[in-house]
Amino acid sequence: MRPTQVQIVEMGPRDGLQNEPGVTLADRIALVDALSLTGLRRIEAGSFVSPKWVPQMAQSDQLFGQIQRQSRVRYGALTPNLKGFEAAVAAGVDEVAVFGSASESFSQRNINCSVAESLARFEPVLQAAKTLNLPVRGYVSCTLGCPYEGAISPEKVAETAEALYRMGCYEISLGDTIGTGTPDRAVAMVRAVAQRVPMAQLALHFHDTYGQALANITACLELGVATLDASVAGLGGCPYAPGASGNLATEDLIYLLDGLGIEHGVNLDALIGAGDAICRRLGRANGSKVALAKLGRCRNNPDQHSPGSR
């Protein structure tokens, strides 16, 4: 059942940088351009949300107008409403994404409505996207735990995922938002969702807050999941666990896939170079263990080329 090839969806420019204080438009453009040369085929480059709520994602229209697009890369954006969708279309995005929650408490506290009401708000976006033949990705948050109500039933996750799929989302990304999941729970959740949404249309978006993301992914790969989300250098964090890591580092995921003999098409050295560059620009620590190990080895050995320098 384990796939021989997977596709990576790079989340660093959006899910990663939206939590980084002081990030500039130039930083964001530089990161997208660097990632575009690593072999990645899918990059979520920004989001079209109110700058009042997510100031780091302001000027996403300018970002899409200034990045050096590569023909083999698909550039996506998060668009939570029709206004954001229309701005994304005008900016020339290749696909858009909407999000729902498997937790009623999370939905109420974050957007002040029920899960069903939140999904209904996306219907105009899905209808407009269908008219334009623009792919829409759907995210389900809190699939393995909620900061407010704890454990989440796999059936509730499956219900939300199926709703997004039936609305027209071509792919459903299952997110462990607070990173509390463990392998057995992750497998049970994916199996429940796969009863309602084809496995080929599922993706994993596992955060690493408790250090379980790679273990969870390894377990779920055995079920046949072949699309994986990650964030270069582990950019971002978990807003519900201050000081804790959040996003799984793409470098660490690539290293795992290499060890398993699973094809992914990404140049690890180039990826490490891109992550190192953005961390230096932001003045933050690199969240990838693989990058730290390889960069440390290179810096301690002047005769060895640094990743990304070839």
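Accessible surface of L214, taken over heavy atoms with a 1.4 Å probe and every protein chain present, rounds to 50 Å². Note on the chain: antiparallel DSSP beta bridges, both residues inside, total approximately 5 percent of the bridges counted.
Taking all Cα pairs closer than 8 Å and separated by 6 or more residues, the relative contact order of the chain comes to 19 percent. Within the accessible surface of the chain, defined with a 1.4 Å probe on protein heavy atoms only, the carbon and sulfur portion equals 50 percent.
Listed peptides 50-62, 271-283 appear in the order 271-283, 50-62 once ranked by packing, highest mean of other Cβ atoms within 10 Å at the front. Would you please state the base-10 log of I(q)/I(0) at q = 0.07, 0.13 1/Å for the chain, with intensities from the Debye formula using one equal scatterer on every alpha carbon? Per q value, in the given order, log10 I(q)/I(0) is -0.24, -0.88. Computed with a 1.4 Å probe over protein heavy atoms only, the accessible surface of the chain comes to 43 Å² per residue.
The values are calculated or read from the model by the stated rules, or taken from the named source; none is laboratory data. Computed from a predicted structure; not experimentally measured. Using ideal geometry, Cβ is built from the backbone for each residue, glycine included, and neighbour counts are taken over all protein chains shown. Please note that ligands, DNA and RNA were not included when accessible areas were found on the heavy atoms of the full protein model with its side chains. Shrake-Rupley method; radii C 1.70, N 1.55, O 1.52, S 1.80 Å.
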